[in-house]
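Structure first, commentary second.
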Amino acid sequence: MCARQARYGRPPLINDNARYHDFFDLIFHLLYRLIFDRVPKRSPVPWRTNGWSPLGPGRRRAAGGAVPAGAHSYERDAYGNEVGVSARRLPVAYLLVDVPCGLAAGGAPTLHASAFPPAHRPLAAHLQTLRALHQHLRAAPTFLDAVSDLHVLLYLATNEALPLPLDVLEPLCVAVRARDAAAADAWRAHPAWATLEQLAAAASSDDEPRIAPANETWTCPHCTYHNPPHAHSCDMCALPR
């Protein structure tokens, strides 16, 4: 039977020249050979051995074929030695991603911190109005500092009184990006901006004393909760007024 198996290309089930250490070693080799006999002869899965004579030689993998999970390849290390490495190496270098901070160490931001009320916040103290625009222009040291605010530029283009078209705002945006104070002051002579500035000055009531109604609610600056006028602390976060 051993000669018949060797004649048709299959190594014998039991090699007469092999030396087995004990009974369990013999059973292990028999089970290994029985499993191998069930694998088709042309299967791409190689027979993994370490050159043991009882198990016979394994089939070599063709060039360009798929590398199985248990296969090993050889490559040269930094010292020129040929070392064996696993064929299924995890590219750990791609997992070590260094995410830098979003702000540069010595950055120069184009837009400053917003002092103008932001958009889409319908609160009593955060409304984008002409009066708020006039107060913002008066509080800023220069006109360039006043318009170097994203919310100001957005309000100039979307206000209900006199929205400025994009072709009018383009020279102003270029001056803000280049930090050119002379170009920003020259843009103030535009008729559209002059009209909007006059409307903001007319709508402002800074010089008139503003008497708050008795039933007006006040907004908490910490949690933006609307509180009754007689409350001295916020009903939501319990912080002082």
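Among the candidates LEU133, LEU156, LEU169, single out the residue that is over 30 Å from THR217 (Cα atoms) and either loosely packed, with under 12 Cβ neighbours inside 10 Å or in contact with a helix residue (DSSP H, G or I) (Cβ under 8 Å, 6 or more places away or on another chain) (or both).
Matching residue, one of LEU133, LEU156, LEU169: LEU169.
If you check ALA182 against the conditions, is it free of Cβ contacts under 8 Å to residues at least 24 places away in the same chain and either assigned to a helix (DSSP H, G or I) or loosely packed, with under 15 Cβ neighbours inside 10 Å (or both)?
yes
Just so you know, all these numbers are worked out from the coordinates, no wet-lab data involved. Note that the structure is predicted; figures quoted are calculated from it, not measured. Cβ sites come from the backbone with ideal geometry, for glycine too, and all protein chains shown count toward neighbours.
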